[in-house]
């Protein structure tokens, strides 16, 4: 990775995917959505097509459209747009990674496959490497969310040595409740200047004590449900 990278820190919004009453993605909402996050919530970075955004329930084309809209409308407004590209198909993940690079995303993240699961940390590191190869100049983040993937590997084991395989690796979005494992991730990341972002809102205070660099959460968005954006 040749370009300089701004470290991901602070509060990052895990965004919802706006849908019409017919279940189609509603791209017209994204511009006002960005303005709301910046002006009302003071949030300057987003994590899109993740769990909150139901990315794994969307088609590849829908995910591309959403990523392009967030990058287009966020240009000059948002500090970082991180695009989750994880899929069960490695080819789909690779295509989404390639697309994210082409539209000017600031980084990509990937979850573990959850149907045919990696049997160990080596296998998961290899999967992440194969995805990152399609966007080698973008920061890559491992999205650790064992409650959804069913992959019980310690994130710290996945991080161990990953910098030797993936030069673009920049950290982890840790959405798990094992604070021991989280603490080990923080310790390992210190010498690499990686970002450890926490994703369990109700445990954030404990995570901050351990030294995480920020949070990727959805609690900040809850007022949207009351009709703030229409």
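The values are calculated or read from the model by the stated rules, or taken from the named source; none is laboratory data. Everything numeric in this text was worked out from a predicted model, so none of it was measured. Neighbour counts run over all protein chains shown; Cβ positions are idealised from the backbone, glycine included.
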Next on the checklist: Exactly one condition in (1) under 16 Å from the mean Cα position of the chain (by Cα); (2) on the phi > 0 side of the Ramachandran plot is false for residue 76; which is it?
Outcome noted: (1)
Checklist entry - Out of region 168-180, which residues are in contact with a strand residue (DSSP E or B) (Cβ under 9 Å, 6 or more places away or on another chain) and either surrounded by fewer than 19 Cβ atoms within 10 Å (Cβ to Cβ) or touching a residue at least 60 places away in the same chain (Cβ under 8 Å) (or both)? => result 168, 170, 171, 173, 175
Item to check | Residue identified as assigned to a loop (DSSP other than H, G, I, E, B), out of contact with any helix residue (DSSP H, G or I) (no Cβ under 7 Å at 6 or more places or on another chain) and within 21 Å of residue 216 (Cβ to Cβ) among 43, 5, 12 | outcome: 5
Checklist outcome for this item: Counting only strands (runs of 3 or more DSSP E) entirely within region 149-230, those with at least 3 residues that are over 16 Å from the mean Cα position of the chain (by Cα), at pLDDT 95 or above and closer than 26 Å to residue 114 by Cα are none
Next on the checklist: For region 11-46, which positions are out of contact with any strand residue (DSSP E or B) (no Cβ under 8 Å at 6 or more places or on another chain), over 24 Å from residue 173 (Cα atoms) and either surrounded by 15 or more Cβ atoms within 10 Å (Cβ to Cβ) or in contact (Cβ under 8 Å) with a residue 60 or more places away in the chain (or both)?
Outcome noted: 27, 29, 31, 32, 40
Next on the checklist: Can you go through 60, 81 and tell me which one is buried (at least 20 other Cβ atoms within 10 Å of the Cβ), free of Cβ contacts under 8 Å to residues at least 40 places away in the same chain and under 19 Å from residue 134 (Cα atoms)?
Outcome noted: 81
